[in-house]
Structure formats: structure tokens, C-alpha cells
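To start, the structure under review is shown below, and the notes come after it.
The values are calculated or read from the model by the stated rules, or taken from the named source; none is laboratory data. As the structure is a prediction and not an experimental result, all values here were calculated from the model. All Cβ positions, even for glycine, are placed from backbone atoms using ideal geometry, and neighbour counts span all protein chains on display.
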Amino acid sequence: MNILHQQHEDRAIGERSSVKDDAIQQVRARIQQATCVTVLTGAGISADSGVPTFRGPEGLWKNFRPEQLASSKAFERDPQLVWGWYNWRRELLATKTPNPAHFALAEMEGHVRNFLLITQNVDGLHITAGSKRVAEIHGNIWKVRCTVCQQVTINREVPLPLLPSCSCGGLLRPHIVWFGETLPAQVLEQSFNALQECDLLLIIGTSGLVYPAASFAPVAKDHGAYVVEVNLDPTPHSDLVDLSIQGRAKDIVPQMLSGVF
Ligand code: BJW
Ligand code: ZN
């Protein structure tokens, strides 16, 4: 019991700064030893750039019901309503820039031989920050897809017409994975390969509630990876991971990488 308690204490590293410094030092050592690193990010990393998260007191789902806006049924029922919501988000995102956590991860990929950044975020901020080895598993808000010919194109027009159309005449939709839709097979395969091969998995700013990303921590752990979580709050994965560091991504992530390379 004592050992379990101690392990729990070790994992749940909160505001005690010397303990947190030790934890960050441990992560630095793990990064230095690792030849294969995988990173999973969620809305929390972009929260530090002023992008709203989905859940929580200020989250998008507080004011909008996911099934009304983020499902193919909702789009079939009322595409103008759905495009209105995406136009609002595109307008907001057009004003946002990457923060030090995005930049630190972009720098990290240049120093690790096998590296993959898996992101659930659709905001494109990792790519703006310079990350190249990125798997955007839920799509990208700056891409549109034709519902008829399926062609995907980059489109940064803000706002788009409420019923935007493709050159073939078909209705365009956001190139985003909605609830009940499957993730693109190629990025999913790439992600599972990286999770199974990595020595170190860093999980940053996700509530760990949405599948299949919610299964990534157990998959990596089962394949022998050392798993570190960075989040403002405890998550359903906090007891599973090797190290759970509580704090803001923009502060913790650059500290984890500082002086390592
Ligand atoms: C900070 C911070 C700071 C804040 N620093 N940290 C198995 C079991 C049960 C259900 C399912 C299952 N398999 C599939 C499902 C159904 C469904 C699902 O998971 N439902 C759950 C809700 C239960 N999954 C799907 O439908 C997926 N499709 C699929 O699996 O297909 C096959 C299939 C279908 C149906 C049945 C079975 C199989 C598709 C999921 C697509 C999710 N899409 C969304 C919306 C896109 C719309 C859009 O953006 O326009 O993607 S949902 C939303 O949640 C968005 C996010 O990417 C995703 C994850 O959210 P995230 O990133 O974790 O954000 P938050 O807000 O939840 O958390 C933020 C965190 O940051 C918090 O922890 C904060 O504490 C922290 N934080 N500030 C550090 N500064
Ligand atoms: Zn088309």
C-alpha cells in the first residue's frame, strides 16, 4: 500500500517546484537516451495560444452540442449552421500563433532520429511552428473536402460562403474527422506504428477521452515505452503513465527540452 501510495505521489507531480524540477530533469534524461520519440498533443497545447479547448468550463462543448455541429448527420441536416460554426472558428484561429510549446516540439524533431508528432488538433499550429513529421489524425480546419469528388484542398479564405462549392459543383465540407467517422487509415497506421516502436511517449494537453487517441497511452505502455503526461489537471491516464506533470504546456514543454540538444 505504501509503495503504491509513493508511486502515486511520484506520478502526481503538481505545484511543488523542486519535485517538478526533478521530474523535468528525468524527462530530459529520457529524451537524451531515446532513439524513437512519439508525441501526442491535444487542445491544451493550443490553449496557451488562446485557442478554446473542447471540454472544461471555457470549452467549446459548453456552448455548442457536439452532435449538433461535429457529426455528418448535423452537416446533412443543416450545412449552413455547421459552416457558420467553422467560419467563426476559422476567423478566431486566423488571429492565433504558435506558442513556445509548439516551437519546442518543432525543434525537437530535428534532433531525434525516429520522431512523430501525432496531433488531435485541427488548428495547424504545429505546422506553422515548423513541425514536419506530423500526423493530423482529426484533420485540418484549413482544408476542405468535396462531398462529391472527395478532392481535398487547402483553403484559408475567411469567411467562406455558408454553402461553399467545389469546381465540380459539389458541396464542400471541412476536412475534419467528426464523431462516428473513421480516421484516415494511413495516418492511423503511421500513428500505431510510432506508438509501438517508441521508447518515449509525451502526451501533452489532452483530456484522453476521445477514441482512438484515448487508447494511445496504453498501447505505447504495453509496448514498453516510458510515458510522460503534461496537463493542467489529472486525466484518466494519470495513473497509467510513468510521470504526470501538472502545469501549462507553454512552460513545461520548453523546460523539458532546454539544454537537452
Ligand atoms: C492544458 C492546458 C494548458 C488545458 N497546458 N494542458 C470506444 C469507446 C467509446 C466511444 C468510442 C470508442 N471508439 C470510438 C468511439 C466514438 C467516439 C468517441 O471517442 N467518443 C468519446 C467521446 C466517448 N470516437 C469517434 O467517433 C472517432 N471515430 C472513430 O473512432 O471511428 C470508428 C468508430 C466510430 C464509432 C464507434 C466506434 C468506432 C472520431 C473522433 C473525432 C473527434 N473529433 C473532435 C471534434 C472535431 C471537430 C472540430 O474540431 O471541428 O476532435 S472531438 C474533440 O475532442 C476534437 C478533439 O481533437 C478531441 C480531443 O479533445 P482534446 O484535445 O483532448 O481536448 P479537451 O478539451 O477534451 O481537453 C483539453 C485538455 O487540455 C484538458 O485535459 C485540459 O486539462 C488540458 N489543458 N489547458 C496543458 N495550458
Ligand atoms: Zn468536387
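Summed over region 248-261, residues that are within 16 Å of the chain's Cα centre (by Cα) and part of a loop (DSSP other than H, G, I, E, B) total 1. Screening VAL260 against (1) at pLDDT below 95; (2) near ligand 1 (Cβ under 9 Å from one of its atoms) leaves a single unmet condition, (2).
Residues are listed down the side, and each one gets a yes or a no for (1) modelled with pLDDT under 95; (2) within 16 Å of ligand 2 (Cβ to nearest atom); (3) in contact with a strand residue (DSSP E or B) (Cβ under 8 Å, 6 or more places away or on another chain):
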position	(1), (2), (3)
GLY130	no, no, no
GLU136	no, no, yes
ILE141	no, no, yes
THR147	no, yes, yes
GLN151	no, yes, yes
ASN155	no, yes, yes
PRO164	no, yes, yes
CYS168	no, yes, yes
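Taking region 173-186 as the range and being buried (at least 18 other Cβ atoms within 10 Å of the Cβ) and either touching a Leu at 6+ places or on another chain (Cβ under 8 Å) or β-branched (Val, Ile, Thr) (or both) as the test, only VAL177 passes.
The set of residues in region 194-248 that are over 23 Å from VAL122 (Cα atoms) and within 11 Å of ligand 1 (Cβ to nearest atom) comprises PRO234, SER238, ILE245, GLN246. Listed by first and then second residue, the pairs with beta-carbon distance under 7 Å, at least 6 apart or on different chains, first residue in region 163-185 and more than 13 Å from PHE75 (Cα to Cα), second among the hydroxyl-bearing types (Ser, Thr, Tyr) and within 16 Å of ligand 2 (Cβ to nearest atom), are GLY170/THR147.
All of (1) among the aromatic types (Phe, Trp, Tyr); (2) more than 9 Å from ligand 1 (Cβ to nearest atom); (3) modelled with pLDDT of 95 or more; (4) within 21 Å of LEU209 (Cβ to Cβ) hold for PHE64 with one exception: (3). All conditions but one from (1) under 29 Å from LEU195 (Cβ atoms); (2) touching a residue at least 40 places away in the same chain (Cβ under 8 Å) apply to ALA106; the one that does not is (2).
In the condition set (1) surrounded by 14 or more Cβ atoms within 10 Å (Cβ to Cβ); (2) in a loop (DSSP other than H, G, I, E, B); (3) more than 14 Å from ligand 1 (Cβ to nearest atom), ASP123 is compliant with all but (3).
Just so you know, in region 171-222 the residues that are in contact with a Cys (Cβ under 8 Å, 6 or more places away or on another chain) and not in a strand (DSSP E or B) include one that is nearest to ligand 2 (Cβ to nearest atom), and it is ALA194.
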